[in-house]
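Only one structure is covered here, and it is reproduced in the block below.
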Amino acid sequence: MDTIRGSFRRVSGLLLVSADRVWTFELPERKESIEAGITRPAVPSRAVITWPGCRSCRFMCAQLPNPVLDSISIIDTPGILSGEKQRISRGYDFAAVLEWFAERVDRIILLFDAHKLDISDEFSEVIKALKNHEDKIRVVLNKADQIETQQLMRVYGALMWSLGKIINTPEVVRVYIGSFWAQPLLIADNRKLFEAEEQDLFKDIQSLPRNAALRKLNDLIKRARLAKVHAYIISSLKKEMPNVFGKESKKKELVNNLGEIYQKIEREHQISPGDFPSLRKMQELLQTQDFSKFQALKPKLLDTVDDMLANDIARLMVMVRQEEAQAPSQVVKGGAFDGTMNGPFGHGYGEGAGEGIDDVEWVVGKDKPTYDEIFYTLSPVNGKITGANAKKEMVKSKLPNTVLGKIWKLADVDKDGLLDDEEFALANHLIRVKLEGHELPAELPPHLVPPSKRRHE
């Protein structure tokens, strides 16, 4: 995981994460399966790869002795060029290569520096090339410890505004704010925020292996819909072509008016605009094609695709869920994923409901005299108050009934429908925890159980 931290720390760029461990690339003369660590641990291996717009790209992979890589593969891209450097040619279509990877990975992470927020022309083109993969995109606003809180708010707003112009989706892309390296924070004012954001990002990455099969199934659905749309486009172009004269002029006309053909197909077959291939890319590819050799539409094949989408995919979805339920939990483990899970440096340790976890005395006891004064004004009978009387006091917190109901269940330790003085004090303690912005526990932690309710062995 330190590898991920190191990658996060560099300049703006992309980090791709996949739940697949073996990648197969098309080499110029042969096919070769490149697995991380083809040679020796931590020794990189190189291969010349053929990608779209990249005839002789160099791909480097290395195996590191880190259990994180047992579950995921990390593909780190070259840094994004900006300023004068954008005039330097990479020698290959950088956006096309990233688009190739985007189709095959589970997560795409865009990296920005908080103190140097800049979406260069190349970065903008790269993000546009990721169209149709917006659900995989996450954004990291890195090096946020280098600016003050007020400036960080401005930078975050500017970033969201800039991304909104490039990523055209109704949903707001998830942005993680932090300082992703193992060095002291320069400005520690937002330490809790950085820790919470880091844990959210780690949880997102940890879930990738568990959702990999579902992601591949979704990719299959996308490809099937795309193939269906391609069939409609090709057949439409075939129908419009003359039999003998004027083929070239008609071809140019059809390519130029491809957008209108898209709209016609969309209306006739009730197809979503998102299922169509890129108009510009399709026009470029059609320039070199012989339309007279295109095949006519085959309704039986389309019916087969429709049946697959309607029935086979549904059965596959059920099978995937059944296998996930039966298989052991698949999450990314090791490295920084385990470093803060347990112990005093775990996220939220000793805070909220975790306050007093290491104390010998009951943490609620220090405020119990104050709560006792309120308790005895609620007409206790045999040392306990009814739910109705407890409610009169608890609703003063202005918390929703759903939250107060959960607090009641946690505080009523003996489940008798009444609260004694310790349980009432516990209820008030949990109300304070919630009002301070912390989450309530699903079950009452052992250190919050009132002393009289604890089992002494």
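In the complete set of protein chains, residue-level accessible area for Val175 is approximately 10 Å², probe 1.4 angstrom. Packing, as the average of other Cβ atoms within 10 Å across residues, places the peptides 125-137, 369-381 in the order 125-137, 369-381, highest first. Of the GluC sites (Glu not before Pro) found in the range 143-210, the ones in coil according to DSSP and having at most 16 other Cβ atoms within 10 Å of their Cβ are Glu148, Glu171. Report the calculated FRET efficiency for Leu440 and Asn256 (r = Cβ-Cβ distance, R0 = 56 Å), to the nearest 0.05. So, using R0 = 56 Å, E works out to roughly 0.35.
Set the Förster radius R0 to 56 Å, insert the Cβ-Cβ distance between Trp161 and Asp372 as r into 1/(1 + (r/R0)^6), and round the FRET efficiency to 0.05. After rounding, the FRET efficiency stands at 0.60.
Stretching Ile357 away from Asp93 to a fully extended chain increases their span by 89.5 nm, per 0.36 nm per residue minus the current alpha-carbon distance. Amide hydrogen proximity for Arg107: with H placed 1.01 Å from N in the peptide plane, the residues at 5 or more positions away or on another chain lying under 5 Å are Val17. Give a residue-ordered list of calculated ³J(HN,Hα) values for the range 303-317 (Karplus: 6.51 cos²θ - 1.76 cosθ + 1.60, θ = phi - 60°; whole Hz; x for Gly, Pro). Computed from phi, the couplings for the range 303-317 are 4, 5, 5, 4, 5, 5, 5, 7, 10, 4, 5, 4, 5, 4, 4 Hz.
Put simply, the amide H of Leu418, placed in the peptide plane, has no neighbours under 5 Å, leaving out anything fewer than 5 places away on its chain.
Here the Karplus curve 6.51 cos²θ - 1.76 cosθ + 1.60, taken at θ = phi - 60°, turns the phi angles of the range 258-271 into couplings of 4, x, 5, 5, 4, 5, 5, 5, 4, 6, 5, 10, 6, 9 Hz, with x standing for Gly and Pro. The Rg/Rh ratio of the range 361-457, with Rg taken over Cα atoms and Rh as the Kirkwood radius over Cα pairs, comes to 0.93.
The values are calculated or read from the model by the stated rules, or taken from the named source; none is laboratory data. Please read all numbers here as calculations on a predicted model, not as lab measurements. Note that each Cβ is placed from the backbone with ideal geometry, even for glycine, and that neighbours are counted across all protein chains shown. For the accessible areas, the whole protein counts, side chains as well, though only heavy atoms, and no ligand, DNA or RNA atoms are used. Shrake-Rupley method; radii C 1.70, N 1.55, O 1.52, S 1.80 Å.
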